[in-house]
Amino acid sequence: MRVVLLTMMLCWALGPGGVAAQVPADSKAAPLSADPALEARVLKIAEELRCLVCQNETIAASQADLAKDLRQQIREQLTQGRTQPQILEFMSQRYGDFVLYRPPLQLSTVLLWAGPFVLLLVAAGVLLVNIRRRDPSTEPAPLTPAELQRAQRLLDDAGDPT
């Protein structure tokens, strides 16, 4: 019985329209480079660049098509003899400083660097203003004699278990 089931599963997977037939021939991974040192340099530079599609990943970690193209472009530029700073400058000129994971401190990027601190100071200022605006005379009014008697009765009834 097991042999029949295994044979049927194998025929389904390898037959027309089966799992093996659904995998396109061109989707197999092509070797990137025969030189591991070149690949290490590509990944080092790719970790300095932000994926423009994912925006929260480096192009080294991203599997987006644009990230793959950018890694290939880095690879080509390295084989042409360009250095890491030259490649980063090229990418920055082409895609703007946003592509850099650590953008330089310039007038146009001050908000990126100082923004979190400015927001924290604004929030602290708003909190301080709200605390100072509180009216200290908003304490509750004292209880009337009738309310005191009623409260005393409730406390007495709660303390008496019968």
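Using only the C-alpha atoms, the convex hull of the stretch 32-120 corresponds to 100 Å³ per residue.
Put in order of Cβ neighbour count within 10 Å, fewest first, the listed residues Glu48, Glu76, Glu139 become Glu139, Glu76, Glu48.
Each value in this text was obtained by applying a stated rule to the coordinates, not by laboratory testing. What you see is a predicted model, and the numbers here were worked out from it, not measured in a lab. Note: ideal-geometry Cβ built from the backbone for every residue, glycine included; neighbour counts use all protein chains shown.
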